[in-house]
Structure formats: structure tokens, C-alpha cells
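Student: Can you keep this structure in mind? I'll have questions shortly.
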Amino acid sequence: MAEKVATGATLLGEPLPVELMNAVFVERGRVQEALDSDAAATAWLRAIAGRLGADAAIKVERLDEDTVRPVAGDLRALRDALRRLAAEVTEDPRPPDTTPGLTRPEAIATLNASARAWTELVWPVDGRPAGVLRGSGTTAEYALRLIAHQAVELFAGPDCARLRPCLAPNCALFFVKNHARREWCSPACGNRVRVARHYRRHQEAQQK
């Protein structure tokens, strides 16, 4: 069984580019940064390493602070670029506290610079042919490029139309709406919305 690694970010099982967007979150009314140090960036990459795909061969033990340190800033820059593009494509109405002050061309350039991966054909003797993403550099650089490549596919593919900002109170997360009735990033946010609605109705009833 893969090692479970603790990270301060909220991981919801979303596509990895969305998980990276969600490394900014709100807690107790304040915006929090889950990648604010080399250690935090390392923890996040280690936590999602097993989801990069078996073909990617990202080994958790190769993701230590020394390996991640050179790309920690790039990981945060990619996260900011993805949040900027997600805010635009979803017409995010939330306050701009968590939306980076990037222009769209700047965000696109950052994403494209990180997505330097390519597809190669792999055809095992006893298996079926498959396309495998490859990338140069260290394990951490490779992980960054794979996430960026997936982000390009997210924004250029059908899931882009299903990308949503969570509009629950004090939530800064995004999610892909994979079910017609899904409105929130998580059941916890759905519960907060219901509690807020109940409180509002109660206040309105008292004022009558």
C-alpha cells in the first residue's frame, strides 16, 4: 500500500491541476497557503505522487526537500497561474483575495513553460501499446511538468466546461462538476450552506 503523506492542502480527489489550485484555501476566515515552504511543497508532491500514474514512475522517496527546493517556486507559480485561468473560465464571483494578480497571457505563459513533457509510445512484449508522458530533469521537475501537462488538457478539454468555484461561505476551492446535482466541492461545504440558509431563514422569521 502506498505511503500516506500529510499535507496542509485540501485533497478532494479532483484532477491534479485542480488539487494544485486548491493549495490555497480559507480557514477561519483567513486565506491560507499550503505551499509556503520547501517542506510544505515537498509534502504536497509526496501526497499526490501516487496519482501521477504508474507509467510516470514517480517514487515518493525521491521527493525530498533537496530535490523539491529548486522547483518549489515554480510549483507555486503554476498554482497561481491555474487559479487565475480557472477564475476567468468559471467567471468566479468570489472576492479576489485568492485570485493572483496575473494577466491571462502571463498565466498562460507560466503554464506553457511548465508543461514541457511529451508523449512516447511504449509497447511491452506481453502488453498493449500505450502513450506515456515523458519529461526531463529531476523527479520533482518531472512531476511539475506532468501536472502542467494535465492542466493544458484540463483547460483544452471537456472538463473545462465542468470546472466550478465552490460558492459555499469561506471556501476558495475549485472542483470539476462530475454529477448533475453536485454544487459544492465537498459535503462539508454543502453542510455549511444548509446551516447558513437555515440561520438566514430563522433571522428573517424573527424580523417579521
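Student: Could you tally the net charge around THR67, taking each other residue with its Cβ under 15 Å from the Cβ of THR67, Lys/Arg +1 and Asp/Glu -1?
Tutor: Details: positive: ARG46, LYS59, ARG62, ARG69, ARG145; negative: ASP38, GLU61, ASP64, GLU65, ASP66, ASP74, GLU141.
Residues near THR67 contribute -2 overall.
Student: Pop out the carbon and sulfur fraction of the accessible area of the chain as a percent, whole number, probe 1.4 Å. Display every interim value, and only then the final one.
Tutor: Numbers: 6020 of 11900 Å².
Summing carbon and sulfur atoms, their accessible area is 51 percent of the total for the chain.
Student: Once amide H atoms are placed 1.01 Å from N in the peptide plane, what residues at a sequence separation of 5 or more from PHE175, or on another chain, have their amide H within under 5 Å of its amide H?
Tutor: It is ARG164, CYS166, by chain and number.
Student: I want the local charge near ARG79. Using Cβ-Cβ distances under 12 Å, sum +1 for each Lys or Arg and -1 for each Asp or Glu among the other residues. All intermediate terms of the calculation are to be shown ahead of the outcome.
Tutor: Working: positive: ARG76, ARG83, ARG84; negative: GLU19, GLU33, ASP36, ASP74, ASP80.
So the surrounding residues net to -2.
Student: Nearest 20 debye, what's the magnitude of the dipole of the chain about its Cα centre given +1 on Lys and Arg Cβ and -1 on Asp and Glu Cβ? All intermediate terms of the calculation are to be shown ahead of the outcome.
Tutor: Working: 29 positive and 26 negative charges, 226 e Å.
Roughly 1080 debye for the chain.
Student: Expressed as an acute angle from 0 to 90° and rounded to the nearest 10, what is the orientation of the C-alpha long axis of helix 104-114 relative to the principal long axis of the chain?
Tutor: The two axes meet at around 40 degrees.
Student: Turning to a different aspect of this structure: Please give the peptides 111-118, 143-150, 185-192 ranked by average Cβ packing (other Cβ atoms within 10 Å per residue), highest first, as a rough proxy for protection. Let's see the in-between values first.
Tutor: Values: 111-118: 17.4, 143-150: 23.8, 185-192: 15.5.
Output ranking for 111-118, 143-150, 185-192: 143-150, 111-118, 185-192.
Student: Now for a different question. Quick one: if the Förster radius is 45 Å, what FRET efficiency do GLU27 and VAL122 give, using the C-beta to C-beta distance and rounding to 0.05?
Tutor: Details: r = 42 Å, r/R0 = 0.94.
Efficiency, from the Cβ-Cβ distance: 0.60.
Student: Here's a follow-up. If each Cα of segment 98-165 is one equal point scatterer, what is log10 of I(q)/I(0) from the Debye formula at q = 0.20, 0.21, 0.29 Å⁻¹?
Tutor: Ignoring solvent entirely, the Cα scatterers give -0.95, -1.00, -1.20.
Student: Oh, and also: In deg cm²/dmol, rounded to 500, what helix-only [θ] at 222 nm does the chain give when every DSSP H run of at least 4 residues adds -39500 (n - 2.57) and the total is split over its residues?
Tutor: Dividing the helical sum by the residues of the chain leaves -14500 deg cm²/dmol.
Student: Just to confirm the number: angle between the C-alpha axis of helix 38-48 and the first principal axis of the chain, 0 to 90 degrees, nearest 10?
Tutor: Once rounded, the angle reads 80 degrees.
Student: Now for a separate question. Can you give the angle from 0 to 90° between the axis of helix 139-156 and the longest principal axis of the chain, with both taken from C-alpha atoms, to the nearest 10?
Tutor: Computed tilt is about 60 degrees.
Student: Oh, and also: Report the semi-axes of the equivalent ellipsoid for the chain in whole Å, largest first, where each axis is √(5λ) for an eigenvalue λ of the Cα gyration tensor. Kindly include the intermediate steps, with their values, before the conclusion.
Tutor: Numbers: eigenvalues 226, 68, 60 Å².
Taking √(5λ) for each eigenvalue gives 34, 18, 17 Å, largest first.
Student: Sticking with this one: Under a 1.4 Å probe, what is the accessible area of segment 1-158 per residue, stated in Å²? Before the final figure, lay out the partial values.
Tutor: Working: 8410 Å² over 158 residues.
Each residue of segment 1-158 exposes 53 Å² on average to a 1.4 Å probe.
Student: So if we plug the beta-carbon distance of HIS179 and ALA156 into 1/(1 + (r/R0)^6) with R0 = 30 Å, what FRET efficiency do we get, rounded to 0.05?
Tutor: 0.85
The values are calculated or read from the model by the stated rules, or taken from the named source; none is laboratory data. Being a predicted model, the structure only gives us computed values, none of them experimental. Don't worry about glycine lacking a Cβ; one is built from the backbone with ideal geometry, like all the others, and counts go over all protein chains shown. Side chains included, ligands, DNA and RNA excluded: accessible areas come from the protein's heavy atoms. Shrake-Rupley method; radii C 1.70, N 1.55, O 1.52, S 1.80 Å.
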